[in-house]
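To start, the structure under review is shown below, and the notes come after it.
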Amino acid sequence: MQDCIFCKIVKKEIPAEIVYENDDVLVFKDIKPASPIHLLLIPKKHIPTFFDLQPEDSKIIGEVQRAAATVARDMGLTKQGFRLVSNCMEDAGQLVFHIHYHMLAGRPLQWPPG
Ligand code: 5GP
Ligand code: ZN
């Protein structure tokens with residue numbers, strides 16, 4: 001999608017610190033980290049929100065979650081772990097309307113979140 005900032009990152013039209021990439025998924029560092037490790041995991045396909053998911057997108061979303069495990073393993077997080085969260089729509093604080101998961105790690109995280 002033309003005006004989507006994450007689609008521009010997928011197309012390498014704007015820079016990002018990419019840490020993992022495959023045919024379906026891109027993982028890059030959040031520009032404003034909320035924890036020592038704060039990555040964004042996105043499907044390369046432009047899907048605005050979970051409400052827009054089609055049956056054929058199930059594999060892609062599965063691939064995003066599998067990429068989370070791959071990246072976390074590569075970063076040595078198998079013991080400490082990580083949090084994977086996705087904000088959907090206004091009350092959750094979604095600012096970028098291209099589905100993404102935040103991977104937060106590197107410090108103890110509070111629960112429930114604010
Ligand atoms: P949301 O609030 O939609 O769940 O999260 C959007 C996230 O994208 C925020 O954490 C924000 O810091 C991050 N972000 C916004 N614009 C950019 C950008 O141009 N590059 C990168 N790397 N992260 C961005
Ligand atoms: Zn997009």
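None of the figures in this text is laboratory data; all of them are computed from the coordinates on show. Just so it is clear, the model here is predicted, and its values are computed rather than measured. Note: ideal-geometry Cβ built from the backbone for every residue, glycine included; neighbour counts use all protein chains shown.
What is the residue count in the stretch 3-49 for residues that are hydrophobic (A, V, I, L, M, F, W, C), in a strand (DSSP E or B) and away from ligand 2 (no atom under 11 Å from the Cβ)?
Qualifying residue count, the stretch 3-49: 9.
May I ask you to say which residue of GLN94, GLN110 is out of contact with any helix residue (DSSP H, G or I) (no Cβ under 9 Å at 6 or more places or on another chain) and more than 22 Å from MET1 (Cβ to Cβ)?
Of GLN94, GLN110, the one residue that is out of contact with any helix residue (DSSP H, G or I) (no Cβ under 9 Å at 6 or more places or on another chain) and more than 22 Å from MET1 (Cβ to Cβ) is GLN110.
Looking for whichever is free of Cβ contacts under 8 Å to residues at least 24 places away in the same chain, in contact with a strand residue (DSSP E or B) (Cβ under 8 Å, 6 or more places away or on another chain) and over 11 Å from LEU41 (Cβ atoms) here; the options are ASP74, ASP57, ASP91. Which one fits?
Only one candidate qualifies: ASP57.
List every residue pair whose Cβ atoms sit under 6 Å apart, with the two residues 6 or more apart in sequence or on different chains, where the first one lies in the stretch 5-22 and is under 15 Å from TYR101 (Cα atoms) and the second, anywhere, is away from ligand 2 (no atom under 16 Å from the Cβ) and among the β-branched types (Val, Ile, Thr).
So the pair list comes out as TYR20/VAL71.
Quick one: TYR20 ticks every box in (1) among the aromatic types (Phe, Trp, Tyr); (2) within 20 Å of GLN94 (Cα to Cα); (3) touching a helix residue (DSSP H, G or I) at 6+ places or on another chain (Cβ under 8 Å) bar one, so which box is it?
Tallying (1) among the aromatic types (Phe, Trp, Tyr); (2) within 20 Å of GLN94 (Cα to Cα); (3) touching a helix residue (DSSP H, G or I) at 6+ places or on another chain (Cβ under 8 Å), TYR20 fails exactly one: (2).
Test HIS102 against the stated conditions and say whether it is assigned to a strand (DSSP E or B) and near ligand 1 (Cβ under 10 Å from one of its atoms).
Criteria met by HIS102.
Pairs under 8 Å by beta carbon, first residue free of Cβ contacts under 8 Å to residues at least 40 places away in the same chain in the stretch 24-38, partner hydroxyl-bearing (Ser, Thr, Tyr), six or more apart or different chains?
LEU26/TYR20
Within the stretch 23-32, can you find the residues that are within 15 Å of TYR101 (Cβ to Cβ) and not β-branched (Val, Ile, Thr)?
Hits for the stretch 23-32 are ASP24, LEU26, PHE28, LYS29, ASP30.
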